[in-house]
Amino acid sequence: MTRGGAPQGPSASLRRLTAESARPVVHIGYHKTATTWFQQHVYPAATSHRWIPRSLARHALLDPWGLAFDPETARRQLGDPHDPRPPVICEENLSGYLHNGGLHGMIAPEVARRIKAVLPDARIVIVIRAQASAIAASYVQYVRGGGTHGPTRYLHPARFLTGARRHAYKAPGFAFEHFEYDRLIVHYDALFGPQNVLVLPFEALRVDPRSFLTAYAHAAGLQLGAGDVTALRPNRSFGQATLLAGRLTGLLTSRSVTHKACLISIPGFYEVRRQLLKLMSRFDRAASPAAILGARNLSLIQDHFAQSNARTARLRDLDLSALGYPVSPKVAEDQPAPSAGSLYRPSWKSVVGR
């Protein structure tokens, strides 16, 4: 419907629903958990919420310099006087950029405080993924983005650097700690309350996207239109040949990741390279996390995250071991204990088979 040639906003009934029950939803990541699908096919179809494009979310919440952030300015940038619906935001960099460990872990807690200052009643959504799979996907993304180093150098940058660059607080690189999900969950629990922080396993989404989405929308207070569930097609992982080709051709472009080598930067080659690797990956059988990262690195990952995952499982009563996460049978006593919200039983729990 239009009036005077101008598009009209939500109906009167939706306006009443918005005023009575809907709250902002902020989906903070993680990377490699189908955030592109949510951004392109799910949230723009919401009828109860107003989708905030990624560029605007980044401009309001990430671009301001650390000591120059103004909540009122960000609130105005995210607002729309012609649409009373609360915003829904999905930007994986709100949890930190995966290739630099969220700037030595500094970005995620600061962003959490910014979100709290701008949208104090928001529901927070954190989608997690078993670390072996997530880190293998991160390394593939690094190579896809022009990375040239092998997996060991990518995962342990300080071992191969000297001087100032070996200190993460000066030149941050990949960090295992970025994928210790319990730390971020506890931080958001303290700010927003555990009942307002949804923790969703990516593995459940892959098994049954439609059921996952239905349960998630109910838990988050979202009303969705005709989103295209069939559009969930995770990026195809590289095979061994494509990984090697990616590393070699990455030497001929300066884009787009740091911690890489570059022999010469050929103008326009980055896009040519991207298309070449995309074509190769169609014929090159996708490699497993063990093949991508190496058996030793995979073993280190399984050992490193076992206790963190046990704490995450306890915080949200999730059977993560059944979903392929390494989980320690006993959590050390000196580690963060579950908060009072650990008894929260989100309605989407049935999606993960509990």
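Among the conditions (1) modelled with pLDDT of 95 or more; (2) in contact with a strand residue (DSSP E or B) (Cβ under 7 Å, 6 or more places away or on another chain), Pro194 misses just one, which is (2).
Only residues that are touching a Phe, Trp or Tyr at 6+ places or on another chain (Cβ under 8 Å) and open to solvent by less than 60 Å² (accessible area, probe 1.4 Å) were counted across the range 281-312, and they come to 11. Looking at this structure, is Thr253 of a type in the set (Val, Ile, Thr), touching a residue at least 40 places away in the same chain (Cβ under 8 Å) and touching a Gly at 6+ places or on another chain (Cβ under 9 Å)? Yes, satisfied. Of all residues in the range 216-266, those satisfying the criterion of being of a type in the set (Ser, Thr, Tyr) and within 21 Å of the chain's Cα centre (by Cα) are Tyr216, Thr230, Ser237, Ser256, Thr258. Checked against the criteria, Leu263 does not count as in contact with a strand residue (DSSP E or B) (Cβ under 8 Å, 6 or more places away or on another chain) and open to solvent by 50 Å² or more (accessible area, probe 1.4 Å).
Looking at Ala190, Ala175, just one residue is in contact (Cβ under 8 Å) with a residue 12 or more places away in the chain and either crowded, with 19+ Cβ neighbours inside 10 Å or acidic (Asp, Glu) (or both), and that residue is Ala175. Scanning the range 146-165 for residues that are in contact with a helix residue (DSSP H, G or I) (Cβ under 8 Å, 6 or more places away or on another chain), of a type in the set (Gly, Ala, Ser) and surrounded by fewer than 21 Cβ atoms within 10 Å (Cβ to Cβ) yields Gly150, Ala158. Would it be correct to say that Arg233 is at negative phi and open to solvent by 70 Å² or more (accessible area, probe 1.4 Å)? Yes; evaluated as a whole, the condition is true for this residue.
Candidates in the range 30-70 are the residues that are of a type in the set (S, T, N, Q) and in a loop (DSSP other than H, G, I, E, B); of these, the one that is most open to solvent (accessible area, probe 1.4 Å) is Thr47. The criterion of being open to solvent by less than 50 Å² (accessible area, probe 1.4 Å) and modelled with pLDDT under 95 holds for Pro10.
Being over 23 Å from Tyr325 (Cβ atoms) and among the hydrophobic types (A, V, I, L, M, F, W, C) is a property that holds for Ala190.
Per-residue answers, yes or no, for (1) in a helix (DSSP H, G or I); (2) open to solvent by 20 Å² or more (accessible area, probe 1.4 Å); (3) in contact (Cβ under 8 Å) with a residue 60 or more places away in the chain; (4) more than 30 Å from Arg236 (Cα to Cα):
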position	(1), (2), (3), (4)
Gly101	yes, no, yes, no
Glu110	yes, yes, no, yes
Ile115	yes, no, yes, yes
Ile124	no, no, yes, no
Ala132	yes, no, yes, no
Ile135	yes, no, yes, no
Ser138	yes, no, yes, no
Val143	yes, no, yes, no
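The values are calculated or read from the model by the stated rules, or taken from the named source; none is laboratory data. Please read these numbers as outputs of a predicted model, since none were measured by experiment. Neighbour counts run over all protein chains shown; Cβ positions are idealised from the backbone, glycine included. Accessible surface areas use protein heavy atoms only, side chains included; no ligands, DNA or RNA. Shrake-Rupley method; radii C 1.70, N 1.55, O 1.52, S 1.80 Å.
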